[in-house]
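Take a look at the structure below.
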């Protein structure tokens, strides 16, 4: 897995991601403390609203940002957005009203909605070999899980020395260093397609998504992931403190179990994906999450909860890590940024549904009922995935082009029943062949 760090460009991009993640983790802790300072007992409402604003920004702005990115130099675009994020965070220590938090969070997440998909779409161009790319995905997944453990501990240490607004300074520094690291490497030139109108560029990723069976399945699978993830992120503190009667250290331990399960899967995935296709690996992960959430309804002690959270974390990584591979093989190089942006937006749309569902169901009906409801959402989504994403999913598909003249350049290699090549949705292939 670590061999991909031998590539200088990826090494710099990976370091940029790592440092920015740590900075973001510090901001998460500081934002919670800021909300408490301004709103007291209503801090949870403030953070919940901020989270909703984050998801709305992701869902609505990622496709537009991808269309803008097509028209700008790749490295300059990423550096500029890192600096925008640093500039926004710089204002957070001076906030005096709750509404100011909401405005700054919107601008911060708007910049992230542009940066994250563009960054993700750059990695397969930097590492064109699929084995290297798979190792990079696992390494980045591992880093994200590790950050969830390291950042809170680092914040706790810093808070013994400084007041919480200083943590925002760490976030600003993280984004600034990320911009510097991205700026020190020459990124591969973005593949350029035919010029398109802005609206066409903005909707291109979603159109490719909805027309490709494996991507439609992936879109629905995100609902299974979000249902399980919402149970963990929203209800862990209630499960541990209210239902089990334990304290904050046990809450941290539960989140650590989830992260440990995810990291274990990230270690194992490169070899698993050498022997198995993406679809069965991801379906297994989704099934583990659904089962783990369902059993949560019966949890009566911390040991069982830790095991379940580790299982859900393991399944979470099995479903999330291979996504880049699937997007990579489902679009032309020039269309990848749009498809990554569509994935970013559509996946967060699922979280926008399940976050409030997890909270409201737990509050209205109790945690066992919330677990059953979320498990049911995950199970229905999983069944839909199995129907939408065919088990036989070859790259090359024999198909015909009745709409094209026989001498069209695209038909240079005809076969008796059509012609064969890796089938990707584009201007010449607007629908998936019905035979598949």
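Rule-based calculations on the coordinates, nothing more; no lab input. Being a predicted model, the structure only gives us computed values, none of them experimental. Cβ sites come from the backbone with ideal geometry, for glycine too, and all protein chains shown count toward neighbours.
A few comments on the model shown:
- Tilt relative to the chain, helix 302-320 - C-alpha long axis, 0 to 90 degrees, to 10: 30
- Taking other C-beta atoms within 10 angstrom as a stand-in for reagent exposure, 212, 319, 28 fall in the order 28, 212, 319, fewest first.
- Per-residue Cβ neighbour rank within 10 angstrom, fewest leading, 312, 22: 22, 312
- Calculated SAXS-style log₁₀ I(q)/I(0) at q = 0.16 Å⁻¹ - the range 1-186, Debye, Cα scatterers: -1.03
- Peptides 94-103, 370-379, 260-269 ordered by average Cβ neighbours within 10 Å, highest first: 370-379, 260-269, 94-103
- Helix axis angle, 278-296 relative to the chain longest principal axis, alpha carbon, degrees: 30
- Relative to the longest principal axis of the Cα atoms of the chain, the long axis of helix 8-39 lies at roughly 40 degrees.
- Translational diffusion of the chain, µm² s⁻¹ [Kirkwood Rh, Cα pairs; Stokes-Einstein; 4 °C; 1.567 mPa s]: 57
- One decimal place: the segment residue 39-residue 207 gains 56.2 nm when fully extended, by the rule 0.36 nm per residue minus the C-alpha distance.
- Mean-position separation - Cα centroids, the range 295-355 and the range 249-278, in angstrom: 12
- Overall Cα dimensions of the range 307-360 - principal axes, largest extent first, Å: 41, 25, 10
- Note on residue 392 and residue 184: the extension gain reaches 70.6 nm, defined as 0.36 nm multiplied by sequence separation minus the Cα-Cα distance.
- Within the range 307-436, all pairs of alpha-carbon atoms sorted by distance into 5 Å bins from zero give the percentages 2, 7, 12, 16, 16, 12, 10, 8, 6, 4, 3, 2, 1, 0.
- Normalised by the number of residues in the chain, the average gap of Cα pairs under 8 Å and 6 or more apart makes the relative contact order 23 percent.
- Length added when fully stretched, residue 161-residue 11, from 0.36 nm per residue minus Cα-Cα: 50.8 nm
- Selected from 278, 407, 396 as most flexible by GNM, with the chain as the system and alpha-carbon contacts under 10 Å: 407
- Contact order for the range 1-186, expressed relative to its length and based on alpha carbon pairs under 8 Å spaced 6+ residues apart, stands at 48 percent.
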